[in-house]
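Below is one structure, written out as structure tokens; the observations come after it.
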Amino acid sequence: MRIPATAAALQEAVEQAAAGEVVLLEDSGRLVAAVVPFEVAAAGVDALHEAGDAADRLRGLRLIAELGAGMETTRLSDLRRELAS
């Protein structure tokens with residue numbers, strides 16, 4: 001389907017999506033948008049949230065690892081200072 005030029009054409013795309021179809025909107029043969037059923041959109045939102053949560057967990061693990069490495073470096077510096085005394 002081409003980009004709707006009228007409100008009626010846009011309404012038709014929305015109705016098709018409500019009926020369970022994925023409607024692709026194109027301009028000069030290039031995909032510019034999609035009108036999707038609610039269930040598809042909801043699943044996409046859930047997937048984005050899960051991906052964000054996974055990224056947050058990875059960031060947290062990396063920060064913990066960096067903190068641990070920093071603490072080990074500090075302990076090594078303390079040990080060297082003690083040995084030098």
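The values are calculated or read from the model by the stated rules, or taken from the named source; none is laboratory data. Keep in mind that this is a model prediction, so the values were computed, not measured. Note that each Cβ is placed from the backbone with ideal geometry, even for glycine, and that neighbours are counted across all protein chains shown.
Residue under question is Leu58, and the condition is that it be at pLDDT 80 or above and exposed (fewer than 11 other Cβ atoms within 10 Å of the Cβ); does it hold?
The answer is yes for Leu58.
Let me confirm something: among Ala13, Ala65, which residue is surrounded by fewer than 11 Cβ atoms within 10 Å (Cβ to Cβ) and part of a helix (DSSP H, G or I)?
Ala65
Let me confirm something: among Leu31, Leu79, which residue is of a type outside the set (D, E, K, R), without any contact (Cβ under 8 Å) to a residue 24 or more places away in the chain and surrounded by fewer than 10 Cβ atoms within 10 Å (Cβ to Cβ)?
Leu31
Looking only at region 61-84, which residues are modelled with pLDDT under 80 and of a type in the set (Val, Ile, Thr)?
The answer is Thr73, Thr74.
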